[in-house]
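What follows is calculated from the coordinates using simple rules that are stated; it is not laboratory data. Only a predicted model underlies this, so the values are computations on that prediction, with no experimental measurement involved. Every residue, glycine among them, receives a Cβ derived from its backbone with ideal geometry; neighbour counts consider all protein chains shown.
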Amino acid sequence: MIRLFFIGLLMMFLTQACIEPTFRTIWSKPGGQQSDFVRDKADCEMDVVHNTTPGLNEEGKINLCLQNKGWRRYEEPIR
C-alpha cells in the first residue's frame, strides 16, 4: 500500500515537471528601456540586504523595490 502511494506521488511529480509554463513575467515602465530595467534591478538586488520589510523573501523585496522605482509587473501568455 505504501509502495503504491509513493509510485502515485512520483507520477504526480513527473507529470508536473513536463508541464510548460503558460505565462511569463514582463516588467514595464513608461519610457523605460531594457538597460534601465537591468540597472534598476541590479540596484534593488544590492539594496535587498538593507531592506528589513517583514514578511517578504528576497524576491519579494526586489519586486517591491522595482515597483517603487516605477516598474509594473505583468503576466503575459506564452503562445
Check your understanding: The list (1) 114; (2) 124; (3) 149 gives values of volume of the Cα convex hull per residue in Å³, and only one came from this structure; which label was calculated from it?
Key -> (3)
Revision key, fill the gap. To the nearest 0.05, the calculated FRET efficiency linking ASN51 and ILE26 through their beta-carbon distance, R0 being 25 Å, is 0.60
Review point. Which value, in debye to the nearest 20, describes the size of the charge dipole of the chain about its Cα centre when Lys and Arg Cβ atoms bear +1, Asp and Glu Cβ atoms bear -1, and nothing else is charged?
Key: 200 debye
Revision key, fill the gap. Diffing the range 22-39: the Karplus 3J(HN,Hα) column from phi (6.51, -1.76, 1.60, θ = phi - 60°), in whole Hz with x for Gly and Pro, holds 9, 10, 10, 8, 10, 9, 9, 8, x, x, x, 10, 4, 5, 5, 5, 4, 5
Point to revise | In Hz, Karplus ³J(HN,Hα) per residue of the range 49-60 (6.51, -1.76, 1.60; θ = phi - 60°; x = Gly, Pro) | key: 5, 8, 7, 10, 4, x, x, 10, 7, 4, 5, x
Revision key, fill the gap. Expected vector for the range 2-12, Karplus 3J(HN,Hα) from phi with 6.51, -1.76, 1.60 and θ = phi - 60°, integer Hz, x for Gly and Pro, equals 5, 4, 5, 4, 5, 5, x, 5, 5, 4, 4
Practice item. Calculate the spin-label point distance for PHE13 paired with GLU58, positioning each point 7 Å from the Cα along the beta-carbon direction, and give it in nanometres. Key: 2.3 nm
Study note, to complete from the structure: Taking Cα pairs closer than 8 Å and at least 6 residues apart, the relative contact order of the chain in percent is 48 percent
